[in-house]
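Student: Sharing a structure below in structure tokens format, with a few things to ask.
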Amino acid sequence: MSAVMRERPAVRAGRTPMVVRLLVLATFVVILNETIMINAIPRLMESLHITEQSAQWVSTAFMLTMAAVIPVTGWFLQRVTTRQAYAIAMGVFLAGTALSAVAPTFEVLLLGRIVQAAGTAVMMPLLMTTLMIVVPEHDRGRVMGNVTLAISVAPALGPAVSGLILQVGSWRLLFVVVLPIAALVTVFGLRKVENIGEPQVSSIDWLSVGVAALGFGGLVYGLSLFGDTDGSVATAIGIAVAGAAAIAVFVVRQLKLQRTGVPLMDLRTLGHRTYALSLALMSIGFLAMLGSMILLPLYLQNLRGLSPLETGLLLMPGGLVMGLLGPTVGKVFDKFGSRPLVLPGSVGMVLALGGFTQVSMTMPYWQVLGLHALLMVSLAATFTPVFTLGMGALPPHLYSHGSSMLGTLQQVAAAFGTALVVTVMSARTSHLMADGIAAAPAQVSGMKLAFGVAAALALLTIAVAAKLPHRIADAGAQEHDGVDTDMPADGHPGPGEPATADTDVPADGRPGLLRLRRLGL
């Protein structure tokens, strides 16, 4: 789905376009499916006669597939219409869900999860790219807040929903319940979704596709091995380093293609300062969030003795508060800009993670709930304005590349955050137990140190937040204050880019600076 349009669809102020509503609904179903498997590991072990390490692959394989497929979505979304992208993504997701529901063996279940992930990988970039095209700049914060409502509530509900379903049936019910819901959403969406923009016919560099899959997939896999207690640290480091080397080759290849052809992932997005800062802040925030999400269930279930359902219910209010505040945060951003939100949100993130460094065997549950809610509220205040600022700083034809790069780095940040906190916690726990300290106190100490490392990383978000512009208009002024980093030195668009873009024309009808440069004026 290209961002090149003959005309921008008319959108009434204060109203979320129907296409965005439908894509949000579909994305909600997809993300809910991603998290409902969290509590199913014991059932999988019993039903399919596999080890815990093997069962974890239902999540690891999902992450690997997402990391490998998302880099291709920038190219894919430019070649197809909105309806085609929606139909393909949801069709693949439905096929994976059906396959998982009837899987006779673990290998078939794993294949089903991989197919699901391939469909899921398209939905978030599709949603974000469409939103940036059809929603006027002055209304993006509010609409992005509504998007946050969906994508925040879904993971919060996932563990609790799976806990309820697993109380009455097997793990197969998790897919059986999702399948008809996803099918109804797909059918309704295909009846209502309208095409936005025109496809661009462009070639794809298959070498880049292979190197991206090896690089991002290898890095995520290597990082995930740090959480495997039976795995070798040397093996994990070796695979992660090999993945990083492949990513370096991928970057060099994209830089070459930007001069001579059409890159798979356009790295000129990083030449826009506001987007690069937003990407850094969201990656660090996502890392801290995922680190806490893996530590808290371990603490509540392994050390405090709560059931998976009780754990999900205790952590659900934080996710619900994050989601419910999304629309309000968006409206505040539209009216007052980023400063009243992003900097306080970054500080709140550090305070919440710092508070978790005081976990103990007797910490009141209300305190755990309060700290988790503070963390979620802080992330809500940060993510919505930061994403809106970052994507708003890009020219329209880079929206799909910007959203796919963000999705890829989120998967890498998730794997890195999980690997980091698990490695720190395990190393500290093993060291203390070797010194004769009992298992429970040693684990508590390990968790304290892991939360401390996450809090230290979160401090970086404060420094980044201080450098972000106040509004999208300020970001545009910063981008064009010097060299237009999106354009080659000769002032003409590169291969595969549109010669003009009607979306560069402001509401007053006068051509903007970028359009004048493209016309050579």
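Just so it is clear, none of the values below were taken in a lab; they were calculated from the coordinates. The structure displayed is predicted, hence computed values, not measured ones. Cβ coordinates were reconstructed from backbone atoms using ideal geometry, including for glycine residues, and neighbour counts include every protein chain displayed.
Student: If one computes the Cα centroid of segment 48-72 and of segment 86-128, what distance in Å separates the two points?
Tutor: About 12 Å separates the Cα centre of segment 48-72 from the one of segment 86-128.
Student: Principal axis extents for segment 205-263, Cα atoms only, whole Å, descending order, please.
Tutor: Largest first, segment 205-263 extends 46, 14, 12 Å along its Cα principal axes.
Student: Right, here's the next one. State the extension gain, in nm to one decimal, for the chain segment bounded by Ala183 and Val252, taking 0.36 nm per residue of separation less the distance between their alpha-carbons.
Tutor: Contour length minus the Cα-Cα distance gives 20.7 nm.
Student: How much length would be gained if the chain were fully extended between Leu459 and Tyr365, taking 0.36 nm per residue of separation minus their Cα-Cα distance, in nm to one decimal?
Tutor: Length gained, Leu459 through Tyr365: 31.2 nm.
Student: Would you please give the FRET efficiency between Lys448 and Val168, computed as 1/(1 + (r/R0)^6) with r the Cβ-Cβ distance and R0 = 51 Å, to the nearest 0.05?
Tutor: The computed FRET efficiency comes out at 0.85.
Student: Another question, if that's okay. Taking the mean number of other Cβ atoms within 10 Å as a proxy for protection, how do you rank 130-137, 119-126, 98-105 from highest to lowest?
Tutor: So the peptides 130-137, 119-126, 98-105, ranked by packing, come out 119-126, 130-137, 98-105.
Student: Can you tell me the Rg and the Dmax, both Å, for the Cα atoms in segment 268-481?
Tutor: Computed over the Cα atoms of segment 268-481, radius of gyration and Dmax are 18.5, 62 Å.
Student: To make sure I understand, if each residue's beta carbon is the centre and we count other beta carbons within 10 Å, what order do Leu23, Leu164, Leu179 fall in, fewest to most?
Tutor: Leu164, Leu179, Leu23
Student: Quick check: convex hull over the Cα atoms of segment 13-201, volume per residue in Å³, rounded to an integer?
Tutor: Measuring per residue, one finds 112 Å³ for the Cα hull of segment 13-201.
Student: Here's another thing I want to ask about it. With each label point set 7 Å from Cα along the Cα-Cβ vector, what nm distance links Ala234 and Arg259?
Tutor: Going from the Ala234 label point to the Arg259 one covers 4.1 nm.
Student: Here is a further query. Can you give the FRET efficiency to the nearest 0.05 for Thr328 and Gln301, using r as the Cβ-Cβ distance and R₀ = 25 Å?
Tutor: Computed FRET efficiency for Thr328 and Gln301 comes out at 0.15.
Student: Within a 10 angstrom radius of the beta carbon, how do Leu460, Leu389, Leu184 rank from fewest other beta carbons to most?
Tutor: The fewest-first ordering by Cβ neighbours comes to Leu184, Leu460, Leu389.
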